[in-house]
Amino acid sequence: MSCCIKLPKLWAPFFRPGPAYPEASRGYRHDIHLLDYFDPQKLHDLPSGTTLTTTLYQTTGNAPGNLGFVNITNLRGGKVGFAAAAPGSKFDASYVKAVKQFPFNLSVIEISDAVIYPGLLDATSASTANITALLEKAGCKTFASLLASSGVLKIYQSQMDKGLTLFAPNDDAFQAPGAPDLSTLSSADLVTLLQYHALPEYTPKSSLPAKSGPIQTLASSAAGKYDMSVVSQGNDVSLDTGVDKSRVASTVLDDTPVCILTVDSLLLPVELFGGAPAPAPGPASETPVPAPAPDALAPAPVSKKHRLHHSPPAPPMEAPAEAPSKAAADKAEVKKGAAAAVSPMGLLAAIMSCFAFGNLIM
């Protein structure tokens, strides 16, 4: 069951613009939807003479505090007044007439004026938005500073009338592990990176899951480079750049045709960050020295036999007193060999002497 309150012509829905009231900033005629049934009899017979009732806007979660409620109160003289739930709100609107009823299901009534809560008409709009101020207030000071220093802020501003969706990384994203050092980028690459964080169209967070295939960015060329895609699961929406994914966190501004959203990490295009970064060189003192070849340290080992063949004889060592020295033994061996060599000659000489002596006797 519900009640639809019809507002006078040319009045906007006097609650902060949100999904329930997409035309809030345009001044069109709109209706306020109460999530309860109110016909003329119920309006004049309110318990305790007053009630707070929920609007459809309150259910979106975009209403600050209890400003998505309407205060309905019986006033003097039989009038029924309508006001915002904020303390001190005035009952500028009153019941006019019943338009249509479907008993206990749907009721359409008309009121005399708009229901306005404090600060509503001061809400930021795309035409008056100060992008850098909004980003700084949302915790994106580093990103706002880069936009101003690089000149990309002017590119964004020139696109706002045509449609712009901005994805702003929060300050923590620039200090996260693995985040690139943007000071190493050339000026042209930095401008391209910042343009990559924006779409040339109005796409609020609720519309992102409907996007399929590659999405063109302000950095995209005619060849289709520098695009991204949307990955959604339940209420979570993320942007996939091909290098990493970044979650769309919150809405900073949603006012057709401009939308500013925050993201949890930098959007890194494949064209700039597709290759794995080369590791930084370490200090010279920490550079490992290559080990020399084994041949440079020591000669290759050889077999025992080979070593005995080429090694010179060891010098003679002094023997104990009670044992003959090695030199004496060698001398005895020499004499023995000599004796062995001479003994056959002596025998021949003896035979010849005997032969000569026999001849003399004969």
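The values are calculated or read from the model by the stated rules, or taken from the named source; none is laboratory data. It should be emphasised that the depicted structure is a prediction, and the values quoted were computed from it without experimental measurement. All Cβ positions, even for glycine, are placed from backbone atoms using ideal geometry, and neighbour counts span all protein chains on display. For accessibility, only protein heavy atoms count, side chains too; no ligands or nucleic acids. Shrake-Rupley method; radii C 1.70, N 1.55, O 1.52, S 1.80 Å.
Below, the figures for the structure above:
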read-out: Counted residues, segment 175-212 - those being open to solvent by less than 60 Å² (accessible area, probe 1.4 Å), more than 16 Å from Cys140 (Cβ to Cβ) and either of a type in the set (A, V, I, L, M) or in a loop (DSSP other than H, G, I, E, B) (or both); value: 10
read-out: Scope segment 213-232; condition more than 21 Å from Asn170 (Cβ to Cβ), of a type outside the set (A, V, I, L, M, F, W, C) and either in a strand (DSSP E or B) or out of contact with any Ser or Thr (no Cβ under 8 Å at 6 or more places or on another chain) (or both); matching residues; value: Gln216, Ser220, Ser221, Gly224, Lys225, Asp227, Ser229
read-out: Check on Leu239, touching a residue at least 60 places away in the same chain (Cβ under 8 Å) and either open to solvent by 60 Å² or more (accessible area, probe 1.4 Å) or in a strand (DSSP E or B) (or both); value: yes
read-out: Residue under evaluation Leu190, criteria (1) modelled with pLDDT of 95 or more; (2) closer than 15 Å to Thr132 by Cα, criterion not met; value: (2)
read-out: Residues of segment 159-174 that turn out to be small (Gly, Ala, Ser) and in a loop (DSSP other than H, G, I, E, B), as a count; value: 1
read-out: Odd one out for Leu153, checked against (1) at pLDDT below 90; (2) touching a Ser or Thr at 6+ places or on another chain (Cβ under 9 Å); (3) surrounded by 15 or more Cβ atoms within 10 Å (Cβ to Cβ); value: (1)
read-out: Residue match in segment 20-38 (condition: at pLDDT 80 or above and over 30 Å from Pro204 (Cβ atoms)); value: yes
read-out: Any chance Lys211 is among the basic types (Lys, Arg) and closer than 24 Å to Val252 by Cα; value: yes
read-out: Residue in segment 66-85 that is least open to solvent (accessible area, probe 1.4 Å), counting only those that are in a loop (DSSP other than H, G, I, E, B) and under 17 Å from Leu34 (Cα atoms); value: Gly68
